[in-house]
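Presented below is the structure to which this report refers.
The values are calculated or read from the model by the stated rules, or taken from the named source; none is laboratory data. Note that the coordinates shown come from a computational prediction; the quantities given were computed from them, not determined experimentally. We place every Cβ from the backbone using ideal geometry, glycine too, and count neighbours over all the protein chains shown. Areas reflect the complete protein model, heavy atoms only, side chains present, ligands, DNA and RNA absent. Shrake-Rupley method; radii C 1.70, N 1.55, O 1.52, S 1.80 Å.
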Amino acid sequence: MNTPKLRYDAVIIGGAIMGSSVAYFLKQADPAMEVAVIEPDPTYEYASTVRASGGARRLFSCPENIQMSNFSIDFIKRFPVDIAVHGEPAPIDWVQQGYLFIVQGAHMRLLEENAKIQQALGAEIHLLDRKGLRDYFPSMHVDDLDGGAYSPGDGWCDPSSFLQGMRKKARSLGVEYIQDTVASLRHTGIAVTHAVLASGGEISAEVFVNASGAWSSQISEMIGMRLPVSPLRRFEHFFTGQKKIEPLPYVKDLHRLAFRPEGDGYSGGLVNSDEPRGFNFDVDHDYFDRVVWPALAHRFPSAFEGIKCHRTWSGLYEQCELDGNPVIGNWKGRFDNFYVLAGFSGHGMMHAPAAGRGLAELITGGRYETIDLCNFGYGRVERNVPYPERGIL
Ligand SMILES: Cc1cc2nc3c(=O)[nH]c(=O)nc-3n(C[C@H](O)[C@H](O)[C@H](O)COP(=O)(O)OP(=O)(O)OC[C@H]3O[C@@H](n4cnc5c(N)ncnc54)[C@H](O)[C@@H]3O)c2cc1C
């Protein structure tokens, strides 16, 4: 961490994966730009990024999300080499073992419609009927399923290494990380002018970016901007089964069971969408036995009827309550120099590279150059017009 200057071209609030990504891409776009990232905790203890499961997939319905995944997955695959600093590689343990969505009834139709969009955007998607599921994954109980979508080019990486690599690279390009908390924002009638720090200092900038994840509505509230992003606690578990089965992809179902192989075991959970919103990191140690294990044992009886949960941790989704999609862009016509990059609702690790690049384009050039992310702009929040995903979240 450096002693902060008094003025920067861009100040980014929040220095985990989203803040570090936009910082990196700003320096890529304009190496002369003076960029500061304000982040209170260099250990990232409570940041969602380091608590994430690491999955990256193209199984979405909104074209922007699929395009962001296409870019981000390529970026993640090249990461060790492209993000190397002084020749030292940046390994992030990418495992390309695919993603599998499994569904019943009318949802099969939705998977088929979504697959057409994904394939049109270049993704390799295999639609499987019940027999196909059984052939691919013989240990899976499929009698109550109508099919699935398998995306073999997807996978997962280690989110902590991803963040550390991104941060190290951004710093090597001249981005300054300031260890502090943004306590308030000062503004004139039309522009945000200063970030006021908890330590007492103030930093002025041309542009401010709110990349503070589950805390982002608090930051936006400082200038009267209503951001419908709330903290949604969810648990992640590391568990082992009683019997070794075929290699699995990242499996997700309609009830929000989601898990993937990890070493000799598995990492995953089952998101409770009705979880009360708030900054709650308590761990409910019965949740796995009560909720997750029955779902796992039902789906893979031979592997998971006997099971051991070794570790449970909690983390926060930065949940966009409007539609489960991110808010990317500036507050047009009110504070044009205040940008938001938040509300990724469980998809932020995988979309950080593309979203960071997109926002950097918007900031430096005034428009998107690669992926058009206008549909994720703040305008839809102001107009209260949701732009949701269709199908499994
Ligand atoms: C259990 C779990 C599993 C997940 N699995 C996946 C997955 O498989 N794939 C995927 O893509 N995504 C996944 N996610 C979601 C993903 O982790 C998030 O979308 C992503 O990490 C958001 O990154 P971020 O940088 O916006 O937020 P964070 O990582 O939360 O970082 C926000 C930062 O802002 C800082 N901050 C807060 N207040 C202030 C302030 N006042 N001033 C300055 N800084 C401040 C915080 O210290 C923090 O470091 C998962 C999340 C959880 C919890």
Any idea what angle helix 348-365 forms with the longest principal axis of the chain, computed on alpha-carbon atoms, 0 to 90 degrees, nearest 10?
-> 30 degrees
Roll a 1.4 angstrom probe over the protein heavy atoms and tell me the percent of accessible area of the chain that is carbon or sulfur.
-> 50 percent
With all protein chains modelled, accessible area of Phe101 [1.4 Å, Å²] | 10 Å²
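Taking every DSSP beta bridge with both residues inside the chain, roughly what % is antiparallel (nearest 5)?
Roughly 70 percent of the beta bridges in the chain run antiparallel, per DSSP.
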Measuring from the lowest to the highest alpha carbon on each principal axis, how far does the stretch 280-371 reach, largest first, in angstroms?
-> 56, 28, 22
Mind grabbing the accessible area of Thr3 for me, 1.4 Å probe, Å², rounded to tens?
-> 120 Å²
With only helices counted (DSSP H, runs n ≥ 4, each -39500 (n - 2.57)), the per-residue ellipticity at 222 nm for the chain, to the nearest 500, works out to -8500 deg cm²/dmol
Computed on Cα atoms, Rg of the chain relative to 2.2 N^0.38 Å comes out at 0.98
Among Ala123, Gln97, Leu163, the residue whose Cα sits farthest towards the positive end of the charge dipole of the stretch 67-171 (+1 at Cβ of Lys and Arg, -1 at Cβ of Asp and Glu, taken about the Cα centre) is Leu163
Starting with the highest mean, order 56-65, 360-369 by the number of other Cβ atoms within 10 Å, averaged over the residues of each peptide.
-> 56-65, 360-369
Please work out the C-alpha center-to-center distance from the stretch 296-358 to the stretch 193-239 and express it in whole Å.
-> 16 Å
Listed by chain and number, the residues whose amide H is under 5 Å from that of Thr193, excluding neighbours fewer than 5 places away on the same chain and using placed H, are Arg186, His187, Thr188
Rounded to the nearest Å, what's the spacing between the alpha carbon centres of the stretch 55-100 and the stretch 117-139? Just the number, please.
-> 21 Å
FRET efficiency (Arg109, Asp30; Cβ distance; R0 51 Å; to 0.05) is 0.65
Two-site label geometry, Glu275 and Val81: point separation in nm, points 7 Å out along Cα→Cβ = 3.8 nm
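Mind putting a number on the dipole of the chain about its Cα centre? Charges go on the C-beta only, +1 for Lys and Arg and -1 for Asp and Glu, and I need it in Debye to the nearest 20.
180 debye
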For Lys131, counting only aspartates and glutamates whose alpha-carbon sits under 13 Å away and dropping same-chain residues fewer than eight positions off, the answer is Asp143, Asp144, Asp146
Straight-line reach from Lys27: which lysines have Cα under 29 Å away, leaving out those fewer than 8 places along the same chain?
-> Lys5, Lys77, Lys168, Lys169, Lys332
